[in-house]
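Structure first, then comments.
The values are calculated or read from the model by the stated rules, or taken from the named source; none is laboratory data. This one's a predicted model, so the numbers in the text were calculated from it and none came from an experiment. Virtual Cβ from ideal backbone geometry, glycine too; neighbours counted across all protein chains shown. SASA here: full protein model, heavy atoms, side chains in, ligands and nucleic acids out. Shrake-Rupley method; radii C 1.70, N 1.55, O 1.52, S 1.80 Å.
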Amino acid sequence: MLPQLSASNSKTKVKTRLIITDKITSAAIPSIPKPVLKVAQTELKNGIELSHQNNGSERFIFCSTDNFSKSSDKVESSRRLASKACRILNKYGVDSVLVSSLASDKNILVGFIEGLILSNYQFHRYKADKRKLNNSISKIFVEQKQLSNSDISKIKNLCAGVYLSRDVVNEPLSYLTAEQFSKEMVKAGKAAGFKTTVFKKNQIKKMKMGGLLSVNLGSEDPPTFNVMEWKPTKAKNKKPIVLVGKGVVYDTGGLSLKPTANSMDFMKSDMGGGAAVLGAMYAVAKNKLPIHVIGLIPATDNRPGKNAYVPGDVITISDNTTVEVLNTDAEGRLCLADALVYAKKYKPELVIDLATLTGAAARALGPNAIAGMRTCSDKQFSKLTEASFNVFERIVEFPLWEDYGEMLNSDIADVKNIGGKYAGAITAGKFLQRFTDYPWIHLDIAGSAFLHSENSYRGKGGTGVGTRLLFNFLDNY
Ligand code: BES
Ligand code: ZN
Ligand code: ZN
């Protein structure tokens with residue numbers, strides 16, 4: 001459950017307090033009983049990270065930042081420490097908590113709150129005994145004056161965006177078809193204030209989006225093409241920033257069928273790029289960022305079926321490029337090609353696409369990083385990389401050298417949809433590049449969109465990766 005987040009005031013009554021502390025000795029913390037403080041001091045001095053006490057009437061957890069110096073990233077350490085604190089709070093059924101910080105760096109507190117909220121995420125929609133399973137934390141108060149109201153709403157709206165993103169990734173195809181995904185976008189748009197336009201199959205046909213339509217051929221469910229727009233009156237940018245997300249709501253591989261075990265089983269997460277774009281649009285609009293942003297999501301499932309596209313088919317993308325399809329499992333790039341072509345009409349300042357595009361990227365980087373490729377300026381890319389380190393969704397650059405593009409030469413069409421045995425993440429990037437004529441960044445999030453084991457505040461299952469990254473980038477734009 002998404003906890004409520006607010007600043008404390010004189011009327012705030014909570015029985016549980018979290019105190020982030022770097023120098024407990026000098027801490028004159030009013031309202032904390034002396035004996036409690038004394039025990040905490042001793043425990044923290046002995047290297048205990050979380051000093052937990054219950055004096056009968058109140059519960060105190062002192063969270064030590066002592067170990068942060070060992071890590072290169074204090075804010076990330078703070079998020080992870082919060083995750084441990086979150087576990088304790090839920091174990092004891094704590095409902096409301098007051099967080100105070102003695103750390104001088106405000107970002108340590110921001111990271112802590114973020115880590116606490118993100119760690120409290122669960123996906124229990126299909127569980128019968130929700131009440132028993134649900135986390136208990138429902139209200140988080142931050143010590144008055146430690147964060148401004150705008151800091152607080154920023155964290156709140158961003159975390160809500162991440163929750164939204166995780167929810168749609170975790171939803172199986174039995175619920176989240178392309179049409180349902182569109183409904184979620186419309187709903188989020190209404191809640192956050194951005195405009196959503198949903199193009200249906202006949203309109204997609206009129207737009208000649210042969211990539212998206214071909215991938216959809218084997219499906220009983222129609223595709224959708226979704227345009228979300230946040231256009232504030234005082235936008236800083238004249239030309240929009242366009243975010244493109246792969247929205248393959250399920251990827252069986254099509255006729256080039258995937259094996260199920262450890263491969264197809266998790267392919268409900270193949271709209272993770274679209275989920276990131278949706279979550280970011282939500283956070284951007286809710287926080288009323290003064291940036292003109294457009295989100296594009298081509299959505300469909302990819303299935304074998306009576307009329308499914310077959311290996312060997314030649315299909316035509318909306319810019320008339322012909323593609324020889326030699327593997328129906330390389331479907332993401334086909335849908336994205338149509339979306340990247342569509343983005344041209346905005347004459348965008350920058351286009352960023354996010355996609356769970358290749359197993360190759362996942363194998364190269366694991367769940368720890370994002371593969372980035374780009375044609376934009378060094379300045380634009382370094383800004384995004386900076387954001388990626390701020391939020392710890394780290395990007396590492398792969399090259400888009402020309403010779404990689406040659407691996408996509410087709411005998412009978414303009415291009416084929418797969419390269420050779422090697423450099424799969426890069427050949428996928430090279431394929432996409434053909435459909436761009438603007439500054440562009442491609443992010444392959446195949447490794448980090450969905451986790452198979454618990455990982456601190458990122459949890460297990462859909463991570464919402466990309467949401468915080470895009471938001472942080474746009475917030476600092
Ligand atoms: N959705 C997959 C990529 C993927 C793999 C995402 C693992 C998340 C985890 C994509 O559509 C795909 O199947 N790619 C193929 C491309 C190949 C046929 C050129 C792949 O990576 O194997
Ligand atoms: Zn695929
Ligand atoms: Zn896919």
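For this structure, a couple of remarks:
- Shape class for region 120-198: oblate, because the ratio a/c of the largest to smallest gyration tensor axis (alpha-carbon atoms, square roots of eigenvalues) is 1.5 or more and b/c is at least a/b.
- The H on the amide N of Lys460, modeled in the peptide plane, is under 5 Å from the matching H of Asn455, each at least 5 residues off or on a different chain.
- Paramagnetic reach from Asn307 in region 184-214 [backbone N under 13 Å; point 7 Å along Cα→Cβ]: 201-202, 205, 213-214
- Length-normalised contact order for the chain - Cα pairs under 8 Å, 6+ apart - percent: 16 percent
- The separation of region 213-246 from region 45-88, counted between C-alpha centres, amounts to 41 Å.
- Classified by the C-alpha gyration tensor, the chain has a prolate form. Its axis ratio a/c, with a ≥ b ≥ c, is 1.5 or above, and a/b is larger than b/c.
- Normalised by the number of residues in region 295-347, the mean separation of alpha-carbon contacts (under 8 Å, six or more apart) gives a relative contact order of 35 percent.
- Across region 133-142, rounded Karplus estimates of 3J(HN,Hα) from the backbone phi angles (6.51 cos²θ - 1.76 cosθ + 1.60, θ = phi - 60°) give 7, 4, 4, 8, 5, 10, 9, 10, 10, 10 Hz, Gly and Pro being marked x.
- Which of Gly274, Val215, Thr252, positive extreme of dipole for region 175-332 (C-beta unit charges): Gly274
- The relative contact order of region 74-155, computed from alpha carbon pairs under 8 Å that lie at least 6 residues apart in sequence, is 44 percent.
- Dipole axis of region 102-188 (+1 Lys, Arg; -1 Asp, Glu on Cβ), positive-most option in Ile137, Ser148, Ser165: Ile137
- Percent carbon-and-sulfur accessible area, the chain, ignoring ligands, DNA and RNA, probe 1.4 Å: 50 percent
- Neighbourhood charge, 10 Å Cβ-Cβ cut-off, centred on Tyr346 and excluding it, Lys, Arg +1 and Asp, Glu -1: +2
- Cβ-defined net charge surrounding Lys70, 13 Å radius [Lys, Arg +1; Asp, Glu -1]: -2
- Selection from Thr65, Val97, Ala85 lying farthest towards where the dipole of region 65-105 points positive, charges on Cβ: Ala85
- Note on region 405-474 and region 125-160: Cα centroid distance 31 Å, given to the nearest whole angstrom.
- Only helices enter this figure: runs of n ≥ 4 DSSP H residues, each worth -39500 (n - 2.57), summed and divided by the residues of the chain, yield -11000 deg cm²/dmol at 222 nm to the nearest 500.
- Cα gyration tensor category, rounded, prolate or oblate, for region 321-377 with a/c compared to 1.5: oblate
- Charge dipole magnitude, Cβ of K and R +1, D and E -1 - region 111-268, Cα centre, debye nearest 20: 700 debye
- Taking label positions 7 Å along the Cα-Cβ direction at both Ala191 and Lys130, the computed distance is 1.3 nm, reported to one decimal.
- Nonlocal amide H pairs with Asp313, under 5 Å, H built at 1.01 Å: Val325
- Accessible surface, per residue, of the chain when the full set of protein chains is kept, probe 1.4 Å, Å²: 43 Å²
- Using a simple spin-label model with pseudo-atoms 7 Å out from Cα toward Cβ, Leu50 and Lys345 lie 5.1 nm apart.
- Net charge in the neighbourhood of Arg125 (other residues with Cβ under 10 Å of its Cβ; Lys, Arg +1, Asp, Glu -1) is 0.
- Net length gained if the chain between Glu220 and Asp403 were fully extended (0.36 nm per residue, minus Cα distance): 62.0 nm
- Dipole in debye (nearest 20) - region 64-127, about Cα centre, beta carbon charges: Lys, Arg +1; Asp, Glu -1: 300 debye
- Residue-wise HN-Hα coupling along region 189-196, computed from phi with Karplus coefficients 6.51, -1.76, 1.60 (Hz; x: Gly, Pro): x, 5, 6, 9, x, 9, 9, 10
- Under Karplus coefficients 6.51, -1.76 and 1.60, residue-wise ³J(HN,Hα) of region 60-72 in Hz, glycine/proline x: 10, 10, 8, 10, 7, 8, 3, 6, 4, 5, 6, 9, 7
- The distance between label points at Thr260 and Asn202 comes to 3.8 nm (points 7 Å beyond Cα on the Cα→Cβ vector).
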